[in-house]
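Here is the structure we will look at, set down as structure tokens.
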Amino acid sequence: MIDTVRASIEKVAQQLDIPKDVVEQLKKSNQEHIFDIHLDSGKSFKAYRVQHNNKRGPYKGGIRYHQDVNLDEVQTLATLMSLKTAAIGIPMGGGKGGIAVNPRQLEPAELEELSREYVAQLHPHIGPDKDVPAPDVNTDAQIIDWMIDEFERQTGDTSKASFTGKSLANGGSLGREAATGRGGVIALRELFKLEKLHDKPVTLAIQGFGNVGSFFATTAKELMPNWQLVAASDSEAAVYNRDGLDAEALQTFKAGRGRFKTYEEDQATVMTNDEMLSLDVDVLVLAGIENSVTVQNMKGIKATYIVEMGNGPITGEASDYLTQTGKVIVPDIIANAGGVLVSYFEWLQNKQHEHWTEADVNQRLTDYMARAVKDMYETSRQHDCTLKEAAFMMAIKRLAA
């Protein structure tokens, strides 16, 4: 994965005539922290924190708990975060963390011990003006609350600005839970405005109806009544109704740990994930895992617009094919930037001892996303390139400046 991202950086940097030594610096991480965590129960886990680039501000990036976490993945996501924060124009850098663990196999006390020990070992390298972690896959406000409590215990810092994604009672921000999905809707809406398509009816299929996918669906219903959700999937199955699905009903069903293979509402048809990917819809939203679209399934995709709400959901070869066949891909470093934007807003609120209303947070989110999409669109037209190449150009120019 990291080789693909580095190749993209090199390709775009050549187009911009960025000096070779600057390009090499952008491809490498500043610091990589790799260590083992040993629990009292005797269980041990490999842990990581990659700090890629802090030229524009403190490192920023989530911490994920997943059994497949490895150095290559964390390096990739840290690099993408540097590009993302630069592309959307916030004064932060890029980092990423993770522990190779299946958290469902831990007792609650073990999960807390794991989270605290991660911070106990890492605390000299993180903090409000150094590196500000956040939740990611399988981590949430509870885990971040344990981490910030441990950081305060280790350092005495009580600003609450050392982590974002905290509970509201512990200095978290309103609007954070829905931010990534909401930002994706705003990005697509702004692109449609620029292409004079925002008044037309649109059909949506959402692959990966978790936190991001479900909030994309409910926000689309709120902001864009002419958009219609017709399909959604989880890891096992998809549901489809050409006449429309109820976004809130699906969200409630999934929140109750329902699986789409047993969904019986909305007169929905249950189908496979691959069948859903090949539906004839206007927009395909990819809110699942990395490499969801590959050479194996790319030829079946009929959607004109593809929105990368997950990180790296399309392989390089599939991305080239889809672009050549006329598909428009809204790249992850812009499309899913709503989460890091509201994390940045949370950090600002903590630093300034303020607490903004949800309306204020959402307005700021809208302003940043609209500006980033406009810049990306104009850059793509100016350089006759894809939106992804344009987003990389914006980021690399700012990082190399």
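If you check L341, L387, L399 for being over 16 Å from M309 (Cα atoms) and crowded, with 16+ Cβ neighbours inside 10 Å, only one passes: L399. Out of L122, L83, L191, L111, one residue alone is buried (at least 19 other Cβ atoms within 10 Å of the Cβ), among the aliphatic types (A, V, I, L, M), farther than 26 Å from N30 by Cα and not assigned by TED's automatic domain parsing to the domain that holds I306. It is L111. Of all residues in the range 264-305, exactly one satisfies the criterion of being surrounded by 19 or more Cβ atoms within 10 Å (Cβ to Cβ), out of contact with any Ser or Thr (no Cβ under 9 Å at 6 or more places or on another chain) and of a type in the set (V, I, T), namely V285. The set of residues in the range 257-292 being modelled with pLDDT under 95 and under 23 Å from I186 (Cβ atoms) consists of G288, S292. Considering every residue within the range 10-27, establish whether at least one is closer than 30 Å to L111 by Cβ and either hydrophobic (A, V, I, L, M, F, W, C) or surrounded by fewer than 15 Cβ atoms within 10 Å (Cβ to Cβ) (or both). There is no residue in the range 10-27 that is closer than 30 Å to L111 by Cβ and either hydrophobic (A, V, I, L, M, F, W, C) or surrounded by fewer than 15 Cβ atoms within 10 Å (Cβ to Cβ) (or both). Checked across the range 113-134, the condition of being touching a residue at least 60 places away in the same chain (Cβ under 8 Å), over 19 Å from I334 (Cα atoms) and touching a helix residue (DSSP H, G or I) at 6+ places or on another chain (Cβ under 6 Å) holds for at least one residue.
Just a yes or no: is a residue in the range 92-99 of a type in the set (A, V, I, L, M, F, W, C), within 16 Å of the chain's Cα centre (by Cα) and under 30 Å from K397 (Cα atoms)? Yes, some residue in the range 92-99 is of a type in the set (A, V, I, L, M, F, W, C), within 16 Å of the chain's Cα centre (by Cα) and under 30 Å from K397 (Cα atoms). For the range 204-217, the count of residues that are in contact with an Asp or Glu (Cβ under 6 Å, 6 or more places away or on another chain) and either touching a residue at least 24 places away in the same chain (Cβ under 8 Å) or charged (D, E, K, R) (or both) is nonzero.
Summed over the range 311-347, the residues that are within 14 Å of V293 (Cα to Cα) and among the polar types (S, T, N, Q) give a count of 4. With respect to the conditions (1) at pLDDT 95 or above; (2) charged (D, E, K, R); (3) buried (at least 18 other Cβ atoms within 10 Å of the Cβ), K254 falls short on a single one, namely (1).
If the condition is being at pLDDT 95 or above and surrounded by fewer than 24 Cβ atoms within 10 Å (Cβ to Cβ), then the range 206-217 contributes only G208. Within the option set E107, E117, E73, being touching a Leu at 6+ places or on another chain (Cβ under 8 Å) and of a type in the set (D, E) holds for one residue only, E117. Looking at the range 153-193, which of its residues are charged (D, E, K, R), assigned to a loop (DSSP other than H, G, I, E, B) and more than 30 Å from P225 (Cα to Cα)? Result: D157, K160, K166. Every condition in (1) closer than 28 Å to S292 by Cβ; (2) assigned by TED's automatic domain parsing to the domain that holds T79; (3) crowded, with 20+ Cβ neighbours inside 10 Å is met by K46 except one, and the failing one is (3).
Scanning the range 12-45 for residues that are under 24 Å from D320 (Cα atoms) and more than 23 Å from the chain's Cα centre (by Cα) gives A13, Q14, Q15, L16, D17, I18, V23.
Among the residues of the range 192-223, just one is more than 18 Å from T304 (Cα to Cα) and either of a type in the set (D, E) or in contact with a His (Cβ under 9 Å, 6 or more places away or on another chain) (or both), namely E222.
The values are calculated or read from the model by the stated rules, or taken from the named source; none is laboratory data. No experiment lies behind these values; they were computed from the predicted model shown. Because the Cβ atoms are built from the backbone with ideal geometry, glycine has one as well, and the counts that use them run over all protein chains shown.
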